[in-house]
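Written out below as structure tokens is the structure these notes cover.
Nothing in this text is a laboratory measurement; each read-out follows from the coordinates by a stated rule. Not measured: the values here are computed from a predicted model. FYI the Cβ positions are ideal-geometry reconstructions off the backbone, even for glycines, and counts take in every protein chain you see.
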Amino acid sequence: MSNQAIKIENIQKEYRLGAIGGGTLKGDLQSLWAKIRNKEDPNSKIGDTSGLSKGDRFMALDGISFEVKKGEALGIIGHNGAGKSTLLKLLCRVTAPTAGKISYDGRIASMLEVGTGFHPELTGRENVYMNGAILGMTKAEIDKKFDRIVEFAEMEKFIDTPVKRYSSGMYVKLAFSVAAHLDSEIMIMDEVLAVGDMAFQKKCLDKMRDAAKIDGRTVLYVSHNMNTIRQLCDRCIVLSKGKVIFDGNVEDAIEVYMGQGVETPPCVDLASFKRTQASLVDGVKLKSIKVLDSDIWKIKVGDKLRFSIDIEATEDLTNIGYRSRLSAVDGSSISVLLAPNLFSCKAGEKITIPLEADVTQLVPGRYCLTPVLYGVNPYGGWQFYDHVEKAVTFEVETKPGFNENMEWEQKWWGSVKLPEITDLRISGE
């Protein structure tokens, strides 16, 4: 397989809805024997050549194909039900594919669920040995690494306590530590870091990053946390309804996953957007938002963003304010664009407000605007009239000379380029 750690060829996984097996052992054996001989399933419905009626089956994975190189850190993302966990279970041989082929080059260490392989009545020490054996480690290997496993998991005080008394965080710490210290060529992790505390998550990410970059191990990582995907992975696959819809750059994959991969039209009708804020009050609403001086929501780095908002009032109101939350496409907040002037309106009035936002410090990339209308009462309290989450996606393009023509690594350097640091020795201050 040369430089390939994993090769997946046209994998399919089909489940039967509402039933397990054929109902009897005899029926299951008949169906299996027919499948081995490439014969029609004698227990299938009449006219159903596949052995399952169309209404009874569900394709969890439908024709998945990709390759993973040795030493590569691959992220796998997608919404719930996309097929991520099913794919990892196939890779770990927990279940078999309905069709297709998976080839490996190396031993696999996996952690698909918190405390996989742990017995609640056994102590942490006993479970380390049992779990290590399940993952393919010999007793001599576990003896040699036991102290490192316990130290990494931060479980010295509780290692001889039955794990049924562990919290979910303690479970994941010990289970991850065992899997991470296995001398395997391939590590497979499924959303396990969501349980641990922030300090331990960072520790695990550093461990997996070192496994890929320094030890040359292959890492497959499933998560809904886009920041951890950014930090760990070199490449990312997006799954949707059992199919690969994107395979490539991590930032581009996140855009596809977040539904922000398409261009925003010049004028966006905000009336069609679903409002997710429960505390909105009536009185005035956002009707549309439009980019000015352009047909697309795209500017060069260092330029300002010019747009207008259309609002419609249903009541006489005073002290209305406008702001836009600025965020990355993964939802992480960057800043707030605040319009300092409050305005008033009368019932039935339609108002267009042209705006210019200073976004000159943003680096090349894609960003989202969330427009907000709010009111300030005489007592200093706030109330929200309208809030449209991620109404607009706009792009900041690079230009010749930016960052001395060096590509800005947003994954590591962030979304904003601040002024250079002043050397106080030279400035004389």
Task: Highest-fluctuation residue, TRP382, TRP408, TRP33 considered, GNM on the chain with Cα pairs under 10 Å - done: TRP33
Open item on the list: If you fit an axis through the alpha-carbon atoms of helix 168-180 and take the longest principal axis of the Cα set of the chain, what angle between them do you get, 0 to 90°, nearest 10?
Closed with: 60 degrees
Open item on the list: Could you give each residue of segment 88-95 its phi-based ³J(HN,Hα) in whole Hz, using Karplus coefficients 6.51, -1.76, 1.60 with θ = phi - 60°, and x for Gly or Pro?
Closed with: 5, 5, 5, 5, 8, 6, 5, 9
Task: In Hz, Karplus ³J(HN,Hα) per residue of segment 357-371 (6.51, -1.76, 1.60; θ = phi - 60°; x = Gly, Pro) - done: 10, 7, 10, 5, 8, 6, 8, x, x, 10, 9, 10, 10, 10, x
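Could you list PHE58, PHE176, PHE146, PHE158 so that the one with the fewest beta carbons within 10 Å of its beta carbon is first and the one with the most is last?
Result, fewest neighbours first: PHE58, PHE146, PHE158, PHE176.
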TODO: Quick one: compute a quarter of the convex hull surface over the Cα atoms of segment 267-413 and quote it in nm².
DONE: 9.7 nm²
Task: Residue pairs, from the table LYS89/LYS241; LYS274/LYS390; LYS300/LYS390; LYS157/LYS207; LYS145/LYS173, whose Cα atoms sit over 19 Å apart - done: LYS300/LYS390; LYS157/LYS207
TODO: List every residue whose amide H lies under 5 Å from the amide H of ARG235, counting only residues 5 or more places away in sequence or on a different chain, with H placed 1.01 Å from N in the peptide plane.
DONE: ALA73, GLY75
- [ ] Could you work out how far helix 139-153 tilts from the main Cα principal axis of the chain, as a 0 to 90 degree angle to the nearest 10?
- [x] 20 degrees
Task: Binned Cα-Cα distance frequencies in the chain - 20 Å width, integer % - done: 20, 40, 32, 7, 0
TODO: Quick one: which residues, 5 or more positions from ILE188 or on another chain, have an amide H under 5 Å from its amide H? H modelled 1.01 Å from N in the peptide plane, none for Pro or chain starts.
DONE: ALA109, SER110, MET111, LEU220
Task: Longest exposed-site-free window of the chain, the sites being trypsin sites (Lys or Arg not before Pro) in a DSSP loop that have at most 15 other C-beta atoms within 10 Å - done: 108-240
TODO: Treating the angle as unsigned and between 0 and 90°, give the value, to the nearest 10°, between the Cα long axis of helix 124-134 and the longest Cα principal axis of the chain.
DONE: 70 degrees
- [ ] Sort CYS92, CYS267, CYS204 so the one with the fewest other Cβ atoms within 10 Å of its own Cβ comes first.
- [x] CYS267, CYS92, CYS204
